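Novice: Below you'll find the structure I mean.
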Amino acid sequence: MSLRLNNSQARRLFLDRHALLEQPAGSAKGADLLTLVSRLGFVQLDSINTVARAHDMILFSRRPSYRATDLKRLYERDRALFEHWTHDAAVIPMAFYPHWHLRFQRDAELLAKRWKNWRRDGFEEKFGQVLDHIRDHGPIGSSDIGENEKKSSGGWWDWHPSKTALEYLWRSGSLTVVGRNGFQKLYDLTERVIEERLCPGATPCDAPATVDWLCNAALDRLGFATSGELAAFWDTVSTQEARDWCARQQNAGIIETAEIECADGSLRKVFLRPDTVAQAKDLPPAPGRIRVLSPFDPALRDRKRAERLFGFHYRIEVFVPAAKRVYGYYVFPLMEGEKLIGRIDMKAHREEGALRVRALWPEARVKWSATRMRKLEAELDRVARFAGLDRVEFADDWLREPA
């Protein structure tokens, strides 16, 4: 008989692995914050600051005592985190750095080919000049070089050669981002930032060992997954490598197949560890309070997985023309217990000290009761204080019908 998790058990396991099953409480400084980031694997960085930046909202939703200075200190002063790419730019525990040597190699090959195809001519000729400039002058941002190369756009599609060289040298490991000025990255020589024993070249890159670590670490943080979901977690391992890893692990009895029940009642075949089903059945219910989640929360990053587990279809509409948006520019998902119950369009008006709610759309079959309203108001008060605001204001027609 096949192992199986019902939908509630699968949700609880997934939320537990993403630090959303326990009460949001506890310390968010120093070693405690590093433990949380390590548990998640990484925290995505994003510049949009409608209420607070994504990385700050991700950590606040799990530790309400968290403040943005806590992450900045851990990253820029303590050097307990480094910045690189998973599926997007993220801060990652420094202990994981040796496992990024394979990513450096693969990004070097991929980007050299891609950026040549995008006709970013001349960026490779700038490598020596950029490295010498940083060696002589210390950390720099992209605005500090290439004065005669700058173009009018400034978008990623129109980087000047020195900016492209900076990004390439960072993505391939020669440079390390040491912090941000505003939200502009500051780059320094890796040899001046990262301990020598961790640096590329200190030990040969062992690709099979790295693939093994990445797949194991992804499964630990997902609880259950297909081979494709394991590959997508860090976005370094190929789907074929993940498929081969799953086959080897299954043959060795280290992982096994099971079925999880999706929100629509369908069954999905996944891989998990032998003790995972028993662990999932022993997990407690999720806290009943309402939480505002970042659109880039790790629990929502894989939109298809979130829809299968929670029946919650979400896409961010930042790049959708205003007239075609279903909900809004930057809409926050709302979680209550183990359910995603709606989404809220709100914005910090900092000059007036107000968090303004333009609209809230409950999910279908979610009744917006007086009790639920009190829980929402309590959460919005917490979010407002976190964003440095004095009060919460609601538009006249804020409660909407499900779209």
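The values are calculated or read from the model by the stated rules, or taken from the named source; none is laboratory data. In this text, all values refer to a predicted model and were calculated from it rather than measured experimentally. So basically every Cβ, Gly included, is an ideal-geometry build from the backbone, and we count neighbours across all protein chains shown. The accessibility values were calculated without ligands, DNA or RNA, using every heavy atom of the protein model including side chains. Shrake-Rupley method; radii C 1.70, N 1.55, O 1.52, S 1.80 Å.
Novice: Is it true that some residue in region 10-29 is among the small types (Gly, Ala, Ser) and touching a Ser or Thr at 6+ places or on another chain (Cβ under 6 Å)?
Specialist: yes
Novice: Sticking with this structure for a sec: For region 185-209: of the residues being surrounded by 14 or more Cβ atoms within 10 Å (Cβ to Cβ) and modelled with pLDDT under 90, which is farthest from Ser142 (Cα to Cα)?
Specialist: My answer is Cys205.
Novice: If I filter region 54-112 down to residues being within 12 Å of the chain's Cα centre (by Cα) and in a loop (DSSP other than H, G, I, E, B), which single residue comes out as surrounded by the fewest Cβ atoms within 10 Å (Cβ to Cβ)?
Specialist: Applying the filter and picking the extreme gives Asp88.
Novice: Also, I was wondering about something else. Can you tell me which residue within region 289-303, out of those that are over 17 Å from Glu363 (Cα atoms) and open to solvent by 10 Å² or more (accessible area, probe 1.4 Å), is farthest from the chain's Cα centre (by Cα)?
Specialist: Asp302
Novice: Say whether the condition of being among the aliphatic types (A, V, I, L, M) and more than 21 Å from Arg197 (Cβ to Cβ) is met by at least one residue in region 67-74.
Specialist: yes
Novice: At pLDDT 95 or above and more than 26 Å from Leu189 (Cβ to Cβ), is that true of Asp16?
Specialist: So Asp16 passes the test.
Novice: Next question. Being crowded, with 16+ Cβ neighbours inside 10 Å and either in a strand (DSSP E or B) or of a type in the set (Phe, Trp, Tyr) (or both) is the filter here, so list the residues in region 359-388 that pass it.
Specialist: Scanning region 359-388 gives Ala359, Leu360, Trp361, Pro362, Phe386.
Novice: Filter region 231-266 down to the residues that are within 18 Å of Arg221 (Cβ to Cβ), touching a helix residue (DSSP H, G or I) at 6+ places or on another chain (Cβ under 6 Å) and assigned to a loop (DSSP other than H, G, I, E, B) and list them by number.
Specialist: Result: Thr236, Val237, Ile255.
Novice: Additional query: From Arg356, Arg400, Arg391, Arg308, which residue is within 21 Å of Cys262 (Cα to Cα), open to solvent by 60 Å² or more (accessible area, probe 1.4 Å) and touching a strand residue (DSSP E or B) at 6+ places or on another chain (Cβ under 7 Å)?
Specialist: So the residue among Arg356, Arg400, Arg391, Arg308 that is within 21 Å of Cys262 (Cα to Cα), open to solvent by 60 Å² or more (accessible area, probe 1.4 Å) and touching a strand residue (DSSP E or B) at 6+ places or on another chain (Cβ under 7 Å) is Arg308.
Novice: Sticking with this one: In this structure, is Pro285 over 30 Å from Ser47 (Cα atoms), part of a loop (DSSP other than H, G, I, E, B) and in contact with a Leu (Cβ under 9 Å, 6 or more places away or on another chain)?
Specialist: For Pro285, the condition - over 30 Å from Ser47 (Cα atoms), part of a loop (DSSP other than H, G, I, E, B) and in contact with a Leu (Cβ under 9 Å, 6 or more places away or on another chain) - is met.
Novice: Separate question: Determine if region 321-330 includes at least one residue that is of a type outside the set (Lys, Arg), surrounded by 13 or more Cβ atoms within 10 Å (Cβ to Cβ) and not in a loop (DSSP other than H, G, I, E, B).
Specialist: No, every residue in region 321-330 fails to be of a type outside the set (Lys, Arg), surrounded by 13 or more Cβ atoms within 10 Å (Cβ to Cβ) and not in a loop (DSSP other than H, G, I, E, B).
Novice: Taking Gly122, is it in contact with a helix residue (DSSP H, G or I) (Cβ under 6 Å, 6 or more places away or on another chain) and modelled with pLDDT under 75?
Specialist: Judged against the criteria, Gly122 is a match.
Novice: Looking only at region 50-75, count every residue that is polar (S, T, N, Q) and touching a residue at least 60 places away in the same chain (Cβ under 8 Å) and tell me the total.
Specialist: Final tally of qualifying residues: 2.
Novice: Next question. Could you list, in sequence order, all residues of region 348-387 that are of a type outside the set (A, V, I, L, M), touching a Lys or Arg at 6+ places or on another chain (Cβ under 8 Å) and closer than 18 Å to Tyr330 by Cβ?
Specialist: His349, Arg356, Arg358, Trp361, Glu379, Phe386, listed by residue number.
Novice: Give the residues of region 50-102 that are out of contact with any strand residue (DSSP E or B) (no Cβ under 7 Å at 6 or more places or on another chain) and closer than 19 Å to Thr210 by Cα, sorted by residue number.
Specialist: Result: Trp85, Thr86, His87, Ala95, Phe96, Pro98, His99, Leu102.
Novice: Give me the pairs: first residue in region 8-36 and free of Cβ contacts under 8 Å to residues at least 40 places away in the same chain, second residue among the basic types (Lys, Arg) and surrounded by fewer than 21 Cβ atoms within 10 Å (Cβ to Cβ), beta-carbon distance under 6 Å, and six or more apart or on different chains, which are they?
Specialist: Gly26/Arg63
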